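Worksheet: the structure to be examined is printed underneath.
The values are calculated or read from the model by the stated rules, or taken from the named source; none is laboratory data. Note that the coordinates shown come from a computational prediction; the quantities given were computed from them, not determined experimentally. As a convention, Cβ positions derive from the backbone with ideal geometry for all residues, glycine included, and neighbour counts pool all protein chains shown. Keep in mind that these areas ignore ligands, DNA and RNA; they rest on the heavy atoms of the full protein, side chains included. Shrake-Rupley method; radii C 1.70, N 1.55, O 1.52, S 1.80 Å.
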Amino acid sequence: MMKAHQIGVIDYGTGNLRSVVKAFEHLGTIVSLVSGPNDLKHVDAVVFPGQGSFDQCMSSLNRTGLNKSLKNWIHEERPFFGICLGLQVLFECSEEGELAGMGLFQGKAMRFPSNSGIKVPHMGWNHVKWGLPTEHWARKDIYDDDQFYFVHSYRVETDDHRVHSLYSEYGEKFTSGIISANCIATQFHPEKSQSKGIQLYRNFLENIE
């Protein structure tokens, strides 16, 4: 039986966190909301289900002090899972806003081009290419071309050698997730991705020491 870890879900005042919280509770974890640095003292791992706008998110992280605390958390290679906007804010900036991102990795979030004949936002199921050995912790019972659920208008562009990028196709090849040590962040929503999404959350939890 998997240990009942204490998971901290970042709450910066925007969006419905219920589906993410329920997914982790379903896996037997204890979930608490994190709205400031002190809330991080009692958790084993952090989940960042980003929703809303880039500037709104970064403004809240800067105001509460979570920007610095989360940077330290990831630098220390403690378990972190970012979702959607929770992926994009890890990078330097976004076309969507004017504020700087967390800048943990080199790159920026760019809007899908409107002249490419695709519908924006990208919404629905899509394949994900992992490009990782099957023995990697994130890959247990997950395979290249398994489908996950996306809802987004922006995607990350990065050539940072410190991250391993997952890829999908939507009009063009784009980064649909990144992994760096114990930090994983996905553009897709595992909590909306049925059994494969739950499996990915389970793999994340099993990797917590």
Sort out which residues of the range 151-185 are surrounded by 16 or more Cβ atoms within 10 Å (Cβ to Cβ), among the hydrophobic types (A, V, I, L, M, F, W, C) and under 20 Å from PHE80 (Cα atoms), and write them in order of number.
VAL156, VAL163, LEU166, ILE178, ILE179, CYS183, ILE184, ALA185
Considering HIS26, HIS5, which residue is in contact (Cβ under 8 Å) with a residue 12 or more places away in the chain, out of contact with any Pro (no Cβ under 7 Å at 6 or more places or on another chain), surrounded by 14 or more Cβ atoms within 10 Å (Cβ to Cβ) and not basic (Lys, Arg)?
HIS5
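Conditions (1) touching a Pro at 6+ places or on another chain (Cβ under 8 Å); (2) surrounded by fewer than 21 Cβ atoms within 10 Å (Cβ to Cβ); (3) of a type in the set (Ser, Thr, Tyr), marked per residue:
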site: CYS57; (1), (2), (3): no, no, no
site: SER69; (1), (2), (3): yes, yes, yes
site: LEU90; (1), (2), (3): no, no, no
site: LEU99; (1), (2), (3): no, yes, no
Would you tally the residues in the range 29-52 being part of a loop (DSSP other than H, G, I, E, B), open to solvent by 40 Å² or more (accessible area, probe 1.4 Å) and touching a helix residue (DSSP H, G or I) at 6+ places or on another chain (Cβ under 8 Å)?
3
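Could you tell me which residue of the range 154-182 is nearest to the chain's Cα centre (by Cα), considering only residues that are hydroxyl-bearing (Ser, Thr, Tyr) and not in a strand (DSSP E or B)?
The extreme case among them is THR158.
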